[in-house]
Ligand SMILES: [Mg+2]
C-alpha cells in the first residue's frame, strides 16, 4: 500500500493502426489516413493525426468521417500486422521489467518499482523506452510515469502525441485536480451524471471534499476519493498471469440499437461471471466488443470501481461502455472480456470498502451451486430470462470462448 514507493509507467502508442499504415506505406505519410470503412456500414477504427484535425475520431461512422474529411484515405485494418508490431513493442517493454501488463495491442503498464539504481530515473527510463520504440519500430509512443496505474494512465494522455509526462511522488493531487470526473476509473456516462449531480465536476472537487463525497456517494465516493488523491493501489499484473476471461457470440441475425445489444450481452455476462467464480477470480476491468456487419470490430473498456465477479456488475459496466460505441448500424457479433483479474481470496484491491458487486456475487454463487446440482437452466436471473429472444433476434450461435 505504500504507493509512493512504486514507479509505474504507462505507454500508449500514438494513433497506432494509422501510424503502422503510414510507416509501412510511405505514400500515406503526412496524409489524413482513416483505418476503417467509409461505406454506409463502415466505422472508423483509428484516424491519423492529420485526419483528427478534421474531427475524425475512433468509432465514428465511416460516412461521417468522409463528410468531415473528404480527402481522407480509407485503409482496411490489418489486425495480424498490428499484432506483430504489438509483440515487438511488448518485447521492448519486457527489457525493463518482468511485470508488463498489456491492456490492448498498443498500450501497457510496466512496473518499474525498485529499479532506479539499475535502470536510472523514471525520466531516463521513459526516454529510453520511447527512443527504442522510435528506433526499432519507427513509431511514436506517449508515456506517463507515476506512483500508481491510474495516475500513470492519465499522465500518458496529457502530452499526446509523442509525449513524456512524469508525475513526481506527492504531486498527484495537484496533477489530477483539473481533470473532469469522467477520467476517474469506474465513472462511465451514467455514473458521471450521479457524481456531477452531487456537485463534483473535477477530480479536484472530489479530493477537496472527501467527507461529502463519501456521505453522498457512499462506496463509490470512497473509491473516487482514493483515486482523486492519487492513492490507487492496483498492481501491475504480469503477462504470465491469466489476463482475461471472455465470451462472444455471432448473432443469427444482425441487431442494432442499445437495448437489443444489451439484451444479447446479458447471457454472456452470466457466462463470464460464472467462469470468474469458477476460477476464484474477480475482474478489475471490463471490455465490450462489437463486430459490425462489415466485419470491422471496436472495443471499449473501463475499470470497475472494485473488482467483481457478478453478472450484474459486468452488465452495468457494459451499459456505460455502450454509450461510447456506435450501435445504430447492424452488429453481427457481441462480446465482452473481463480483465485485470485478481484472486477472489485476496481482499479487494481498494481495501477499505466491500466491493459493490459482492452481494450480487454471493447470490450468484448460490445460484451456481443450485445449477450445479440441477442443470444450468434451473435458475435464471429475472432480467436475463426476460432478455432472451423477445425481439426475434435472440438466437445465438455459440462461439469459442476466448481467454
Ligand atoms: Mg493508442
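The values are calculated or read from the model by the stated rules, or taken from the named source; none is laboratory data. All of these numbers come straight from a predicted model, not from anything done at the bench. Cβ atoms come from the backbone with ideal geometry, glycine included; neighbour counts cover every protein chain shown.
Can you pull out the residues in segment 171-198 that are out of contact with any helix residue (DSSP H, G or I) (no Cβ under 7 Å at 6 or more places or on another chain) and assigned to a loop (DSSP other than H, G, I, E, B)? Scanning segment 171-198 gives a single hit, 171.
For segment 309-317, the count of residues that are within 17 Å of residue 186 (Cα to Cα), at pLDDT 95 or above and in contact with a strand residue (DSSP E or B) (Cβ under 6 Å, 6 or more places away or on another chain) is at least one. Taking the condition in contact with a helix residue (DSSP H, G or I) (Cβ under 8 Å, 6 or more places away or on another chain), within 16 Å of the ligand (Cβ to nearest atom) and at pLDDT 95 or above, does residue 141 pass? When the stated conditions are applied, residue 141 passes them. Restricting segment 101-119 to residues that are touching a helix residue (DSSP H, G or I) at 6+ places or on another chain (Cβ under 8 Å) and modelled with pLDDT of 90 or more leaves a set whose member that is surrounded by the most Cβ atoms within 10 Å (Cβ to Cβ) is 110.
Quick grid of which residues meet (1) surrounded by fewer than 19 Cβ atoms within 10 Å (Cβ to Cβ); (2) part of a loop (DSSP other than H, G, I, E, B); (3) in contact (Cβ under 8 Å) with a residue 12 or more places away in the chain:
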site	(1), (2), (3)
220	no, no, yes
233	yes, yes, yes
245	no, no, yes
248	no, no, yes
272	no, no, yes
288	no, no, yes
313	no, no, yes
319	yes, no, yes
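Selection of segment 43-61 for residues being surrounded by fewer than 24 Cβ atoms within 10 Å (Cβ to Cβ) and closer than 13 Å to residue 329 by Cα yields 59, 60, 61. Does residue 299 satisfy the criteria of being surrounded by fewer than 21 Cβ atoms within 10 Å (Cβ to Cβ) and under 18 Å from the mean Cα position of the chain (by Cα)? It is true that residue 299 is surrounded by fewer than 21 Cβ atoms within 10 Å (Cβ to Cβ) and under 18 Å from the mean Cα position of the chain (by Cα). Residues in segment 122-140 that are within 28 Å of residue 226 (Cβ to Cβ) and touching a strand residue (DSSP E or B) at 6+ places or on another chain (Cβ under 6 Å): 122, 123, 126.
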